[in-house]
1. Note down all Cβ pairs under 7 Å where the first residue falls in segment 46-70 and is free of Cβ contacts under 8 Å to residues at least 24 places away in the same chain, the second is open to solvent by 40 Å² or more (accessible area, probe 1.4 Å) and assigned to a loop (DSSP other than H, G, I, E, B), and they're at least six residues apart or on different chains.
2. Given the criterion under 30 Å from E170 (Cα atoms) and touching a Pro at 6+ places or on another chain (Cβ under 7 Å), identify the matching residue among L56, L48, L89.
3. Among the listed residues S80, S74, identify the single one that is at pLDDT below 95, under 25 Å from L25 (Cβ atoms), surrounded by fewer than 16 Cβ atoms within 10 Å (Cβ to Cβ) and polar (S, T, N, Q).
4. Go through the residues of segment 150-164 one by one and say whether even a single one is of a type in the set (S, T, N, Q) and under 13 Å from I46 (Cα atoms).
5. Give me the pairs, please: first residue somewhere in segment 156-177 and in contact (Cβ under 8 Å) with a residue 24 or more places away in the chain and under 14 Å from F105 (Cα atoms), second residue anywhere and among the β-branched types (V, I, T) and surrounded by 11 or more Cβ atoms within 10 Å (Cβ to Cβ), beta-carbon distance under 8 Å, and either six or more positions apart or on two chains.
6. Given the criterion modelled with pLDDT of 95 or more and either of a type outside the set (S, T, N, Q) or open to solvent by 20 Å² or more (accessible area, probe 1.4 Å) (or both), identify the matching residue among S132, S157, S162.
7. Considering every residue within segment 143-158, establish whether at least one is under 20 Å from the mean Cα position of the chain (by Cα), closer than 18 Å to S87 by Cβ and charged (D, E, K, R).
8. Identify the single condition in (1) surrounded by fewer than 19 Cβ atoms within 10 Å (Cβ to Cβ); (2) closer than 20 Å to L169 by Cα; (3) among the polar types (S, T, N, Q) that N39 does not satisfy, given that it satisfies every other one.
Amino acid sequence: MQSSSKPPLAVLGALCLFLSTIEYLIPKPLPFIRIGLANIPIMLAIDLFSFKSYILLVILKVVGQAIITGSLFSYVFLFSLGGTFASALGMYVLRKAIGKQNISFIGIGIIGALLSNSLQILLAWIFIFGPSAQFIAPPMLLLGLVTGLLLGIFCESFAKQSQWYQHELEALHRAGS
């Protein structure tokens, strides 16, 4: 494998779009409920990318996902944009502030899911359901907790076992030294 001086933004961006497509094919009980598979590359990118590149990946994920699902000019896009940015910023800031040795991908996966769902519930309260949004909050937050945990476990395992990921981290470490 060639040594790269920059983390592979295009590779993780393509993976976001691929996982968005896979997730789009999975039947959902409600249209706004998602597992969050496309967040896997976002979580892995936290330790690989500068903040600027990380935000670019997040934008690529949100816009690409909206194009794939046909929701670019709908309220669903607003929910996705808000939830994804709340999640991405919360995960990035938390991992950088506390340090990867003190918070695992499991922790940031759970926090990211809860931030995303909380903002989406708030948006639902403001724009669609009003006070009735309180009834969708418990199942959404519970689902977010479960999916955040599962995605975090996957990312933690991947980060430890992937030679590619370890190689990218080492290349960044060497470049920073």
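1. As it stands, the answer is A66/L72, since those pairs meet every condition given.
2. None of the others qualify; the one that does is L48.
3. Among S80, S74, only S74 is at pLDDT below 95, under 25 Å from L25 (Cβ atoms), surrounded by fewer than 16 Cβ atoms within 10 Å (Cβ to Cβ) and polar (S, T, N, Q).
4. no
5. Final answer for the pair search is E156/I106; F158/I40.
6. Going through S132, S157, S162 in turn, just one is modelled with pLDDT of 95 or more and either of a type outside the set (S, T, N, Q) or open to solvent by 20 Å² or more (accessible area, probe 1.4 Å) (or both): S157.
7. Yes, that holds for at least one residue.
8. The number of the failed condition is (1).
The values are calculated or read from the model by the stated rules, or taken from the named source; none is laboratory data. Because the structure is predicted, anything quoted here is derived from the model rather than measured. Using ideal geometry, Cβ is built from the backbone for each residue, glycine included, and neighbour counts are taken over all protein chains shown. These accessible areas exclude ligands, DNA and RNA; they are computed on the full protein's heavy atoms, side chains included. Shrake-Rupley method; radii C 1.70, N 1.55, O 1.52, S 1.80 Å.
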